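Comments concern the structure below.
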Amino acid sequence: MKILVCSIALVCASAASAQGTQALHSPDGTLHVKVAPGPAGTITYAVQRAGMPVILPSALGLQFAGLDLSRQLTLEPGSAITPVSERYTMATGKRRVIDYAANEQRFSVKNAQGHAMDVVFRVSNDGVAFRYVLGQVPGRAGSMLQESTAFRFAPSTRAWLQPMQVAQTGWMNTNPAYEEHYRMDIPVGTPSPLAAGWVFPALFKSGDTWVALTEADMDGSFHASRLQAHSRGGVYRIGTPMAAEVAPGGALLAQAATGLRSPWRILAIGSLATVMDSTLGTDLAAPAIAFDAAKVLPGHAAWSWGLLKDDATVYAVQKQFIDYAADMRWDYVLVDADWDRQIGYAKIAELAAYAAGKNVGLFLWYNSSGNWNKTTYSPKGKLLTQQQRAAEFARLAGMGIKGIKVDFFAGDGQSMIAYYLGILNDAAQHGLLVNFHGATLPRGWARTYPNLMTAEGVKGLEFTTFEQRDQDAMPAHAAMLPFARNLFDPMDFTPMVFGDVPNIRRATRNGFELALPVLFLSGVQNFAEVPAGMASVPAYVKTFLQELPRSWDDSRFLDGVPGQYLMLARKAGERWYVAGINAQDAAQTFTVDLSFLEGKRGALITDGASERAFSQQEIAAGKAVITIKPHGGFVAVFN
């Protein structure tokens, strides 16, 4: 059936092209893209879903110093439509085996001087993607000045957006780090409270259609983008990094070059279930580099710093956490900042050997920064050059270290993106897994670099241990993240606390906390709970966490509203795990369609009478009725 639909779309598009109309459809015919000349020699595109407008005519184009490909453009007829079909596997994410199918069409434009650029569109059943490819570049062309790409929504559209942090602000000048709360269900056109704009992914609802905007396929030649702060009339435009978001002496924006390709601009489009089940963020990423498959080991990790902070990064405590991880049947222990000064390389090697004897691996923390912030945590400045990385990573591999956590990056400039990729490539050469912190959105890198297990790029649990206001915002924030930040890319939120948070009153019930490791996707799930807190839970909760899968074969969105509640199902082997959270201030009763479980019965763990209590009961498939307490949650396992 898919082949037949593609063939019909190809015939229709070819006929339309012959009549001078630029048109492109998804394989199932639901999504329709039209590329056309706009005012003043501009080029525009528009998107419809089932005949209804989703993206109104919006600008395309790039402008470089000495090369303007945004105005006075001539649009040539679109190429023949080419079906694209690909199957790939992921060690982490929503599903293990992913099939991507789309129709592709290229549109060539020329400026008044005859310089050419292609705009390549792909339309799949779950969205639209496009990218720019430069033709022959004149010798005078230089750095990019701006990108004209826009996304124009109807005035009635609603938005769920995270403000982009201003560079060189925040603690020790460590911003931007994608660490803000979302503005939820706001009118389009609402300006960002921060001058740097809005981050990707950005979520919108137009009528009954949802749209998630992001980008993918960052190869180091281009900077990472965001949406500009102002979107008058519901027109959102691509924004660029701020001047400080660079590696020392490095470039801020992409440089014009023959064959330069922008990242894919991605619009996941459809019902909320379609967007939530979409994998476009990795579908459009580059295929995986060579990496020893035996070393791609997603897992769970014990982590002392989340609740115990700096004083716990000492030999005796880390040894206790190795024992804790072994007891929980977890795979790793994350040893955080200042381990080199408070433990030292020689004693870390001893810890690594001790951990290996218990089938536990170690991750070690690193400070990425040179002079771009004021942080003093160490090891600092050991990864700035390829030569430094090669020496350090060889040393770690020789000690039996399994991975690194690299923190405090400077932002999204082209040279900083290249720095991220330098770390990933060099770590891969030495068989090391990677976790980025104080970092950008990964933008599909988990597919391209199988050693990238996770990345922060989120206002994570650590903030809820600093101030009560962030703890109070935790339920709605956590219920927002799978719809945007964690939609396509792994996220190191460091979830789950059952006991006390020092000097903070917890805002969530234990059922809410238990659901997060199922709802949040991360190649390595670094758990914040410490041994004392884990000792307080019933045996069945501990068993659940000991047996919790490290990766998922499939995922399914069940129900939810961004920032209010969420229910997802994930499959590992023959088991399905269903989890849900209620971020609202009152109990809610939901009828959840579990008919896909074919009459199986499962075990449900949810909240007990008090905030720190659990309860357990049987649950049947079919139309399950589940009541979730305020700020509570549940998990259910179906065999």
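The values are calculated or read from the model by the stated rules, or taken from the named source; none is laboratory data. Keep in mind that this is a model prediction, so the values were computed, not measured. Positions of Cβ are backbone-derived with ideal geometry, glycine not excepted, and every protein chain shown enters the neighbour counts.
Look through region 492-533, keep the residues that are among the acidic types (Asp, Glu) and either in contact with a strand residue (DSSP E or B) (Cβ under 8 Å, 6 or more places away or on another chain) or not assigned by TED's automatic domain parsing to the domain that holds Asp331 (or both), and return whichever of them is nearest to Phe614 (Cα to Cα).
Here is the first cut: in region 492-533, the residues among the acidic types (Asp, Glu) are 492, 500, 513, 529.
Next, from what is left, pick out any that are either in contact with a strand residue (DSSP E or B) (Cβ under 8 Å, 6 or more places away or on another chain) or not assigned by TED's automatic domain parsing to the domain that holds Asp331 (or both): 492, 513.
Details: Asp492: 25, Glu513: 11 Å.
Per the criteria, the residue is Glu513.
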Point to revise | Positions within region 98-117 being in contact (Cβ under 8 Å) with a residue 60 or more places away in the chain and within 30 Å of Lys571 (Cβ to Cβ), in sequence order | key: Ile98, Tyr100, Ala101, Ala102, Asn103
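Tell me, which strands (runs of 3 or more DSSP E) wholly within region 173-233 include 2 or more residues that are aliphatic (A, V, I, L, M) and buried (at least 16 other Cβ atoms within 10 Å of the Cβ)?
In region 173-233, the matching strands (runs of 3 or more DSSP E) lie at 202-206, 209-216.
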Revision key, fill the gap. Filtering region 339-393 for residues that are closer than 30 Å to Glu245 by Cβ and not hydroxyl-bearing (Ser, Thr, Tyr) leaves a count of 26
Practice item. Return the only residue of Gly560, Gly580, Gly602, Gly573 being more than 17 Å from Leu519 (Cα to Cα), buried (at least 20 other Cβ atoms within 10 Å of the Cβ), touching a residue at least 12 places away in the same chain (Cβ under 8 Å) and not hydroxyl-bearing (Ser, Thr, Tyr). Key: Gly602
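Would you mind finding the one in Lys571, Lys629, Lys600 that is outside the structural domain of Asp500 (by TED's automatic domain parsing) and within 24 Å of Pro475 (Cα to Cα)? Spell out how you get there, then give the answer.
Values: Lys571 fails: within 24 Å of Pro475 (Cα to Cα); Lys600 fails: within 24 Å of Pro475 (Cα to Cα).
When all the criteria are applied, what remains is Lys629.
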Review point. Which residue pairs have Cβ atoms under 9 Å apart, sit 6 or more places apart or on different chains, and have a first residue in region 218-236 that is closer than 14 Å to Trp264 by Cβ and a second that is among the basic types (Lys, Arg) and part of a loop (DSSP other than H, G, I, E, B)?
Key: Met218/Arg443; Ala224/Arg443
Review point. For Ala101, are the conditions met, namely being in the same structural domain as Leu73 (by TED's automatic domain parsing) and not in a strand (DSSP E or B)?
Key: no
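Return yes or no: is Ala36 over 21 Å from Val275 (Cα atoms) and surrounded by fewer than 17 Cβ atoms within 10 Å (Cβ to Cβ)? Even if it seems obvious, please write down each step before you answer.
Details: over 21 Å from Val275 (Cα atoms): yes; surrounded by fewer than 17 Cβ atoms within 10 Å (Cβ to Cβ): yes.
Yes; evaluated as a whole, the condition is true for this residue.
Go through region 262-293 and count every residue that is of a type in the set (Asp, Glu) and more than 16 Å from Val84 (Cα to Cα).
So in region 262-293, the residues of a type in the set (Asp, Glu) come out as 277, 283, 292.
From what is left, the residues that are more than 16 Å from Val84 (Cα to Cα) are 277, 292.
Of the residues in that region, 2 qualify.
Scanning region 58-81 for residues that are surrounded by fewer than 18 Cβ atoms within 10 Å (Cβ to Cβ) and not hydroxyl-bearing (Ser, Thr, Tyr), which turns out nearest to Leu203 (Cα to Cα)?
Initially, region 58-81 is screened for residues surrounded by fewer than 18 Cβ atoms within 10 Å (Cβ to Cβ), giving 63, 65-66, 71-72, 74, 76-77, 79-80.
Filter once more, keeping what is not hydroxyl-bearing (Ser, Thr, Tyr): 63, 65-66, 71-72, 76-77, 80.
Values: Gln63: 27, Ala65: 32, Gly66: 35, Arg71: 29, Gln72: 32, Glu76: 32, Pro77: 32, Ala80: 32 Å.
The extreme case among them is Gln63.
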